[in-house]
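S.K.: If you scroll down you'll find the structure; I have some questions about it.
The values are calculated or read from the model by the stated rules, or taken from the named source; none is laboratory data. From a predicted model like this one, the values you see are computed outputs, not experimental measurements. Heads up, the Cβs are rebuilt from the backbone with ideal geometry, glycines too, and the neighbour counts pull from every protein chain shown. Areas reflect the complete protein model, heavy atoms only, side chains present, ligands, DNA and RNA absent. Shrake-Rupley method; radii C 1.70, N 1.55, O 1.52, S 1.80 Å.
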Amino acid sequence: MLQTRERPKPVVLPAYCKGCGRCVSACPQHCITLGTEINPESGLIPVEIDLEKCNGCGLCFAACPEPYGLTAYDPLMDLDESYLKFPDEDSSTAPVPQEISGETLPLPPVEPLMIKGTYAAAIGALLAGCRHFFGYPITPSTEGAELMAKLLPNLNGVFVQAVSEVATVNMMYGCGGAGMPCMTFTSSPGFSLMLEGVSYMIGAEVPGVFINIMRGGPGLGNIGPEQADIKLACRGLGHGNTHAIVLTPDSPQEMLDLTMLAFELTFKYRNPVVLLGDGYLGQITGKVKLPERMIKPGIPSWGVYGDDMHRRNLICSIQLSEPDLEIHNLHLNEKYQRIIESEQRADCFHCDDADTLIIAANTPARMAKGAVQVLRDRGVKAGLFRPITLWPFPIDILAPLLPKLRQIVIVEASNGQLEDELRLALSHAEIIDVPPISHVRHFGGVLPQQQEIIDRVLETIDTEVTS
Amino acid sequence: MSVFYRNFERHAHGAGLKGHATHYCPGCGHGIAHNFIGEAIEELEIQDRTIAISPVGCSVFLYYYLDVGNTQAAHGRAPAVAIGHKVANPNSIVISYQGDGDLASIGLAEIIQSAQLGIPITVIFVNNAIYGMTGGQLAPTTLMGMKTATSPQGRSRMMGEPLRMAEMIAQMEGPVYVERVALYDNKQRNRAKKAIKKAIQLQKENRGFAFVEVLSECPTHLKMNTAEAQNWVKEQMVPVFPLGVKKDITVEPWFEMQAPDFNPQKLVDQIGAVSDAAPKFAGGQFPAHLHPEDIALKLAGAGGDGAQTAAMLIAQAAVNEGFDGTHIPSYGPESRGGTSYADVHVARSEVLSPAAANPHILIAFNAPSLNKFGPQVKPGGIVLYDSSVVSEPPALDPEVKLYGIPFAQIAVDLGSMLVKNIVALGALQAASKLFPPETFLEAVRRALQHKCAMIPLNEAAFEWGQKAVMHLGDMPE
């Protein structure tokens, strides 16, 4: 039996028509004309359609830039309604997103590895469930990336060498936005280039782990070990109201452990995590024990994964309305506050009875540790306070040690960036009664040496005695 | 229209007209391109799999409209973000939507890399020859002579010629399909719609990178009405940006990615971890005769001398015996022939400071290394040097025990210069009694487990190194 199916004819919804007239020239039957009456709701002049000659060719629909400007005529339609209303309907047809949970899997017991710091971090990432790496080669971080390039294909993972650090961080934005654990290895100049993207990740609440094996700066500087990016990582993660947890390992073992922790924290807070190493730490080989368990990640409820369960999601850092952006910043502030309260970490070596406290992180902390041991052997009550998080600075752990101190010596391979973090933390905590602070600083790839730390401590004590 | 949200809630919270109207100016081509994408997604039945990447520019709010997974990207970076999404879930259909400032100016590197890579993503490039959102400035695609807010006298040679992206992309190996279309009349819109659908379908079939450049009207900044703007695109833009298919090749599906592997045993194997412990030979006895807690060694030579390998073997030997060990290499700028020295620590429980500024033991492979580091050796320390290249050792602290051993000559006599570092290890063992010989030999054997044929030569080198020290008859107590 012959069936006839009428092709839909257009109805203009006057409030949604901006009167551009594209449909006017599109209509071969000349049914549509530019209007003359201003629509009171839109303030624009919608087109007018005379359906008498309309043969339903549909060309006007294809010409209309507005999704709801022209709609198919339905005899049951209330044409007095000037615009569509879906009062009880959800805007999306997608289900409410759910988390697909991950799991932890037991790792077979194995002997400790003897590996360098960058390798330890790469292996830590694999154990934390990272199967996606994006990066751009830069000395002295490349060996970590090279190990990932070697291992990931064997684990059905993906290694992408991006066209630049700018592209790298945006690939992480996409992959992390999909809810997958991803990372990069970089070094100071490369980290600088990534910061725009880091700000976007923080704004859009995208996880990702940045391992920055810091080198000498400014500019091209050199490839020697420096702690030149403490300021960037703690205070300068791109534009806007940004913070990220900053971890500072001091051994290959911690390069692995803290990389695993970084992945945990980056998802816990939906915020990037920065792990700062230095050139020495990247190269030093040491004993590394593997953990008892590894992670198989799931898909978080918020991920834009590209499946039905997560279709409703949006990864986005733009908030056009000022009140909305303020609310978003307050939300970020609340998150930063939770991090400050929960995530301070430090390692205390002979701190309990110390009257001389050395504060150092990364490789300089190793030199300082050696110095503390020598000073103890000589009867000086020295201790090492080693921040493991630089942001948040572990001030709550440091504060109880302060009353006993006669002096603080800050040892760092930078121009005082660690000392600045300490002083800011003291200030924010409103700690006024602080012992004299002196420092041992080197930069340009030169590391503080154990002997000069010892000398500085003794010199200050001698001065005290003399005066 | 089911691919569009039923309410544009993200558009000013969907209040009033904004719940169903776009933010675009009257006559703007973006809405048409959005509609064609929406129709293609619907016809290809991929709504659940689709991720749209919103750019920066007028179409920054693409995510207000399409009821798919949405990610908003930084200016120019949409293709990089798209790659991140695609590899995170290869089953997703990723559409990068970009304007001319975004794609052809600030994002050139990202679009070129993604096209060169050929990864199956779809790029919809809307070219209207002007910056819209920032208020009508010069775009990389602005026509010669065209007046904009930043070319008030018209685009001149100083601003370069307009960039033809479709042609540039088409000449690369990666893309499978590149077409330039327009929106100015029914015929062009029909072609545009088909091209957009094809570019997405090719991704659904996993064929590769597809790119559609859409010549679009910006009546606002052209200061024209829609009809004039359509005519302008036809008369002015098309001669500079010729329409048509620029590349269309048939290829096999690009790649079939497996789900990531999380098998614990496989991971352990991949990273080279083993479950069998190295045998211990020292009986838990720390070599306290050298230092009660922590022994510092420095190995120094030219690049290629094998100092780093020997250093690594010492640190590994320490760990195998249940102690702590560290190794820090320091290379000159060249990987061969430059200076190369290594700091090694062997500690009873934990290496504190891993640097060896004043080592207990120095192994020097050449004269400059011996001259530089010899004076830094602690009193009572041990210095071993290659007497085949150092004829006259410098005067060192009289309390330092000095061993001149012809590392290189012994190695050459054994048939390979490469093993001179193992000769040095043998000499180190005999001179210092750091660990029993078997400790070193076991570390050497394990390091050579994949080059077993090399083991006898290395064992011989080690033994000759030991013998050379014993022959000196200068054994320390």
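S.K.: Taking segment A:354-370, which residues are open to solvent by 10 Å² or more (accessible area, probe 1.4 Å) and within 11 Å of chain B (Cβ to nearest Cβ)?
M.R.: A:ARG366, A:LYS369
S.K.: What do you reckon, is A:PRO218 open to solvent by 10 Å² or more (accessible area, probe 1.4 Å) and in the same structural domain as A:GLN161 (by TED's automatic domain parsing)?
M.R.: Considered against the rule, which asks whether it is open to solvent by 10 Å² or more (accessible area, probe 1.4 Å) and in the same structural domain as A:GLN161 (by TED's automatic domain parsing), A:PRO218 comes out as yes.
S.K.: Filter segment A:144-153 down to the residues that are surrounded by fewer than 24 Cβ atoms within 10 Å (Cβ to Cβ) and more than 11 Å from every other protein chain (Cβ to nearest Cβ), then identify the one that is farthest from A:MET172 (Cα to Cα).
M.R.: A:GLU146
S.K.: Here's a follow-up. Consider segment A:56-65. How many of its residues are crowded, with 24+ Cβ neighbours inside 10 Å and within 8 Å of chain B (Cβ to nearest Cβ)?
M.R.: 3
S.K.: Still on this model: Does segment B:1-9 include one or more residues that are within 24 Å of the chain's Cα centre (by Cα), assigned to a strand (DSSP E or B), at the interface with another protein chain (Cβ under 7 Å from one of its Cβ atoms) and not charged (D, E, K, R)?
M.R.: So far as segment B:1-9 goes, no, none of its residues is within 24 Å of the chain's Cα centre (by Cα), assigned to a strand (DSSP E or B), at the interface with another protein chain (Cβ under 7 Å from one of its Cβ atoms) and not charged (D, E, K, R).
S.K.: Could you grab me the full set of residues in segment B:35-71 that are assigned to a helix (DSSP H, G or I) and either facing another protein chain (nearest Cβ under 7 Å) or free of Cβ contacts under 8 Å to residues at least 60 places away in the same chain (or both)? Steps first, answer last, please.
M.R.: Our first condition is that a residue be assigned to a helix (DSSP H, G or I); within segment B:35-71, this holds for B:35-43, B:47-49, B:58-64.
Scanning segment B:35-71 gives B:ASN35, B:GLY38, B:GLU42, B:GLN47, B:ASP48, B:ARG49, B:VAL60, B:PHE61, B:LEU62, B:TYR63, B:TYR64.
S.K.: In addition: Starting from residues that are of a type in the set (Ser, Thr, Tyr) and outside any helix (DSSP H, G or I), keep the ones in segment A:243-287 and report whichever is farthest from A:LYS369 (Cα to Cα).
M.R.: The residue in question is A:TYR269.
So that you can scan it fast, the table gives a plain yes or no per residue for (1) out of contact with any His (no Cβ under 7 Å at 6 or more places or on another chain); (2) in the same structural domain as A:PRO297 (by TED's automatic domain parsing); (3) not in a helix (DSSP H, G or I):
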| position | (1), (2), (3) |
| --- | --- |
| A:LEU126 | yes, yes, no |
| A:THR139 | yes, yes, yes |
| A:LEU152 | yes, yes, no |
| A:ASN170 | yes, yes, no |
| A:CYS175 | no, yes, no |
| A:GLY179 | yes, yes, yes |
| A:PHE185 | yes, yes, yes |
| A:GLY190 | yes, yes, no |
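S.K.: Moving on. Could you tell me which residue of segment A:278-323 is surrounded by the fewest Cβ atoms within 10 Å (Cβ to Cβ), considering only residues that are among the aromatic types (Phe, Trp, Tyr) and over 30 Å from B:TYR341 (Cβ atoms)?
M.R.: It comes out as A:TRP302.
S.K.: Any idea how many residues of segment A:367-414 are farther than 17 Å from A:ASP347 by Cβ, in a strand (DSSP E or B) and in contact with a Leu (Cβ under 6 Å, 6 or more places away or on another chain)?
M.R.: 0
Every residue, every condition in (1) of a type outside the set (A, V, I, L, M); (2) over 23 Å from the mean Cα position of the chain (by Cα), yes or no:
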| position | (1), (2) |
| --- | --- |
| B:ALA88 | no, no |
| B:ILE111 | no, no |
| B:ALA115 | no, no |
| B:ALA129 | no, yes |
| B:GLY135 | yes, yes |
| B:ALA139 | no, yes |
| B:GLY154 | yes, yes |
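S.K.: Check B:LEU183 against each of (1) surrounded by 24 or more Cβ atoms within 10 Å (Cβ to Cβ); (2) over 21 Å from B:PHE36 (Cα atoms) and name the one condition it does not meet.
M.R.: (2)
S.K.: Can I ask one more? If B:LEU17 satisfies every condition in (1) at the interface with another protein chain (Cβ under 8 Å from one of its Cβ atoms); (2) modelled with pLDDT of 95 or more; (3) not in a loop (DSSP other than H, G, I, E, B) but one, which is the exception?
M.R.: The single condition B:LEU17 does not satisfy is (2).
S.K.: Taking A:SER438 as the residue in question, decide whether it is more than 28 Å from A:GLN337 (Cα to Cα) and not in a helix (DSSP H, G or I).
M.R.: So A:SER438 passes the test.
S.K.: Let me ask something else. Could you please give the count of residues in segment B:74-106 that are open to solvent by less than 10 Å² (accessible area, probe 1.4 Å) and assigned to a strand (DSSP E or B)?
M.R.: Qualifying residue count, segment B:74-106: 6.
S.K.: Follow-up. Scan segment A:169-184 and report the pairs whose first residue is touching a residue at least 12 places away in the same chain (Cβ under 8 Å) and more than 15 Å from A:ARG311 (Cα to Cα) and whose second residue is of a type in the set (Lys, Arg) and open to solvent by 10 Å² or more (accessible area, probe 1.4 Å), with Cβ atoms within less than 9 Å and a gap of 6+ or a chain change.
M.R.: What qualifies is A:VAL169/B:ARG77; A:ASN170/B:ARG77; A:MET171/B:ARG77; A:TYR173/B:ARG77.
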